[in-house]
Amino acid sequence: EVQLVESGGGLVQAGGSLRLSCAASGLTFDDYAIGWFRRAPGKEREGVSCFISNDRDTYYEDSVKGRFTISSDNAKNTVYLQMNSLKPEDTAVYYCAALRIGINTHYCTPYEYDYWGQGTQVTVSS
């Protein structure tokens, strides 16, 4: 069974940093793309950062460009999201999600992704 487990969330002051981890199991890691999403209070879930175009490129939501970095460690079946210069508006539950790479390219929209973690809370105080 596919399982994704997020960790690394917490409470941080504005301007601080956090590193989120997504540990994947129950899948062939090289056959899947993993991305990061978030749901802020009162808002819809949105893509934050994903490996797109069959992992040939990356996507960052406009508001996090230059502040967040997605990376992966294939040997550990883990994807990371380094978050720097955090702002109060980054406060949200952060999720990682996976989709199986196919012939078609993929983007960073929630409906594309089949498997989801339970989320980790990130709270940024002003």
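The values are calculated or read from the model by the stated rules, or taken from the named source; none is laboratory data. Predicted, not measured: the structure shown is a model, and the values here were computed from it. No Cβ is skipped: glycine too gets one built from the backbone with ideal geometry, and neighbour counts run over all protein chains shown. What goes into the accessible areas is simple: the full protein's heavy atoms, side chains included, and nothing from ligands, DNA or RNA. Shrake-Rupley method; radii C 1.70, N 1.55, O 1.52, S 1.80 Å.
Points worth noting:
- Among the residues making up the stretch 85-100, those that are touching a strand residue (DSSP E or B) at 6+ places or on another chain (Cβ under 7 Å) and open to solvent by 60 Å² or more (accessible area, probe 1.4 Å) are LYS87, ARG100.
- Long-range neighbours under 8 Å by Cβ, at least six apart or interchain, first residue closer than 17 Å to ARG100 by Cβ and open to solvent by 20 Å² or more (accessible area, probe 1.4 Å) within the stretch 25-50, second part of a strand (DSSP E or B) and among the small types (Gly, Ala, Ser): LEU27/ALA98; TYR32/ALA24; TYR32/ALA98
- Residues satisfying the criterion are absent from the stretch 107-122 (criterion: out of contact with any strand residue (DSSP E or B) (no Cβ under 7 Å at 6 or more places or on another chain), touching a residue at least 60 places away in the same chain (Cβ under 8 Å) and over 18 Å from VAL5 (Cβ atoms)).
- Residue in the stretch 100-119 that is modelled with pLDDT of 95 or more, in contact with a Lys or Arg (Cβ under 7 Å, 6 or more places away or on another chain) and more than 21 Å from GLY10 (Cβ to Cβ) present: yes
- On inspection, SER49 does not qualify as modelled with pLDDT of 95 or more and over 11 Å from the mean Cα position of the chain (by Cα).
- The set of residues from the stretch 65-84 being more than 12 Å from the chain's Cα centre (by Cα), open to solvent by less than 50 Å² (accessible area, probe 1.4 Å) and at pLDDT 95 or above comprises just one member, ARG67.
- Residue that is most open to solvent (accessible area, probe 1.4 Å) [pool: residues in the stretch 9-24 that are farther than 11 Å from VAL122 by Cα and assigned to a strand (DSSP E or B)]: ALA23
- Going through (1) open to solvent by 50 Å² or more (accessible area, probe 1.4 Å); (2) among the acidic types (Asp, Glu); (3) in contact (Cβ under 8 Å) with a residue 12 or more places away in the chain one by one, GLU61 falls short only on (1).
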